[in-house]
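Just so it is clear, none of the values below were taken in a lab; they were calculated from the coordinates. Being a predicted model, the structure only gives us computed values, none of them experimental. When we count neighbours, we look across all protein chains shown, and the Cβ atoms used for this are built from the backbone with ideal geometry, even at glycine.
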Amino acid sequence: MGNHSVNLIIPKKDDSAGIKKAKVIMPVVSVVALILFIIFYFATLLFNNSNRSEFLSVKNEADILEKKIGVQKNTEGLYTVSLAKVTALDGILENSRKFSHILSEINNLNRDQLSIRSAVVDNLGNVSFAVIASDSGILDDFVSLLQTKEDQKLFSQMLAKGIIREKNGDYSLNILLKSNPSLLQ
Amino acid sequence: MKKKFDYLSIIREYELFVISGVIIAVVILFSLVFLIPSFTQTQQIIDQKSVLSDRVSRLRKKDATLSSLDSDYYKTVFPKINQVLPEDKDFGSLFSTLDTLEKTTGVSIVRTDFQLGVISTNSGRLVRAQNSQAYVVPLSIDAMGSANSLLTFIDALNSLTVRIITIKDLNWVAKSPGIFGLTINGQAYFYPSPLTLGSVDTPLPQLNEKQKSILDTINKIQTVSADEEAAPGQVVVGKRNLFE
């Protein structure tokens, strides 16, 4: 009888290239994932804890300030409403006009034997007034006076209308003009 | 004999894959359960901290402004502001304004016309003044007096010493030597106070120089307090007993 040799060692099957690659990659990926998880988790824990205390202290300051402001609510109310009304007044005054200067100018046109019977002024500076003069010479002087006022840029766009000779010899007419805006300040 | 499926040998053969897969699965699970909520909390803290810091800085500014205000000054000046620009149409104060002006300027008020218009102060049909949040009350005034007294009267209307009235146009007539008549078409105003102040961190508006000057002018108004007015018992009256 011949001797038979039996090979008890099972020959190793060679892994495929994909399996070999996977055997290298997968452990690396798992270790890296684990390390990253640990780093990120503890980093966020540390950040949250340190900022939580700062956040609470800022919130505490906000609460204290709100209480302090709440105690001064009356003053705040008085101030806010006062300022709102003053702002409204400011707007009103900006559009308002003073008429005393223009009326003084018109009143000062009165002369001997020439009088301003009436005057109408509006806030746009449109002026009209009724004049009575006792003779034409005085009327001429009056017109020269108005022209002087125009040269001084107090009046402009002057127009004379409705010149009437009354029964008693007086001359009456209406003057329309535009006043300088400075006369309404 | 049926061969049993040998799990152990498969695990032994692929133990590296199994362990790595378990680690990755655990990491994914823990990330979902712990890491992502932690990140969310971090983001919330950052966002809320930024919002809270802005709020605190607004509150600090407001607190500093409020602390610097003289509350006594505003308690004194507020009723005077209401005199100049009341909260409602208050026709009574228009009459008392004209009475005061009669006394102080020497003019005689011959006639006043107010347009009552919409009686309700809260009506939406009220007309606002130009460039202002105040509402208008149209009116016309007929007055008589000397030239100087009428000019003083006209200046006093918007001098911030009495209820403010502005003039749209006027008619000046010579009645007799030294006596003139005046017809004014103008507007009085009122301004209802706001019903709410705004939230606690709403910033306070600041006064500019022109507004400070308006406030100081109004503050000079002399108000007669109830204590200073003569008590009924102090007013001199006639004899109470005809036989004394």
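Positive end of the dipole of the protein assembly as shown (Cβ unit charges, origin at the Cα centre): among B:ILE11, B:GLN41, B:VAL84, the Cα lying farthest that way belongs to B:ILE11. Across peptide A:68-78, the mean count of Cβ atoms from other chains lying within 10 Å of each residue's own Cβ comes to 6. Across chain A, Cα pairs under 8 Å and at least six residues apart give a relative contact order of 17 percent.
Which pairs in the list A:LYS178/B:LYS168; A:LYS67/B:LYS62; B:LYS89/B:LYS220; B:LYS89/B:LYS210; A:LYS153/A:LYS178 are over 20 Å apart, alpha-carbon to alpha-carbon?
From A:LYS178/B:LYS168; A:LYS67/B:LYS62; B:LYS89/B:LYS220; B:LYS89/B:LYS210; A:LYS153/A:LYS178, over 20 Å: B:LYS89/B:LYS220; B:LYS89/B:LYS210.
Can you grab the distance from the C-alpha centre of the range A:50-73 to the C-alpha centre of the range A:110-172, Å, no decimals? With the range A:50-73 and the range A:110-172 each reduced to a Cα centre, they are spaced 73 Å.
How well do other chains shield peptide B:201-212, expressed as the mean number of their Cβ atoms within 10 Å of each residue Cβ? Working shown, then result.
Details: counts 4, 2, 0, 5, 5, 1, 5, 3, 0, 5, 6, 1.
The shielding value for this peptide is 3.
Give a quick list of trypsin sites (Lys or Arg not before Pro) in the range B:168-221 that DSSP marks as loop, anything other than H, G, I, E or B, with at most 15 other Cβ atoms within 10 Å. Loop-located and lightly packed - B:LYS220. The charge dipole of the protein assembly as shown, taken about its Cα centre with unit charges on the Cβ of Lys, Arg, Asp and Glu (plus for the first two, minus for the last two), comes to roughly 2300 debye. Within chain A, the longest run free of trypsin sites (Lys or Arg not before Pro) that sit in a DSSP loop with at most 15 other Cβ atoms within 10 Å is A:14-152. Listed by chain and number, the aspartates and glutamates whose alpha-carbon sits under 19 Å from that of A:LYS59, ignoring those within fewer than 8 places in the same chain, are B:ASP47, B:ASP54, B:ASP63, B:ASP201. Projecting the Cα positions of B:ILE154, B:THR183, B:MET144 onto the charge dipole of the range B:139-215 (unit charges on Cβ atoms of Lys, Arg, Asp and Glu, taken about the Cα centre) puts B:MET144 furthest along the positive direction. Note on A:LYS85: aspartates and glutamates with a C-alpha under 12 Å away, same-chain residues under 8 apart excluded, are B:GLU87.
Straight-line cross-link partners of B:LYS75 among the aspartates and glutamates, defined as a Cα under 13 Å from its Cα and at least 8 positions apart when in the same chain: A:GLU76. Comparing A:GLN185, B:GLN222, B:GLN130 along the charge dipole axis of the protein assembly as shown, the residue lying farthest to the positive side is B:GLN130, per the Cβ-charge model.
How many Cβ atoms of partner chains, on average, are near each residue of B:34-42 if near means within 10 Å of its Cβ? Mind showing how you got there, number by number?
Details: counts 5, 6, 1, 1, 8, 5, 1, 6, 6.
Mean partner shielding for this stretch: 4.
Between B:PHE114 and A:GLU54, what FRET efficiency follows from the Cβ-Cβ distance if R0 is 56 Å, with the result rounded to 0.05? Walk me through the numbers on the way to the answer.
Numbers: r = 63 Å, r/R0 = 1.12.
That gives a FRET efficiency of 0.35.
Taking the Cα centre as origin and putting +1 on Lys and Arg beta-carbons and -1 on Asp and Glu beta-carbons, what dipole magnitude results for chain A, to the nearest 20 debye?
Working: 21 positive and 19 negative charges, 306 e Å.
In total the dipole reaches around 1460 debye.
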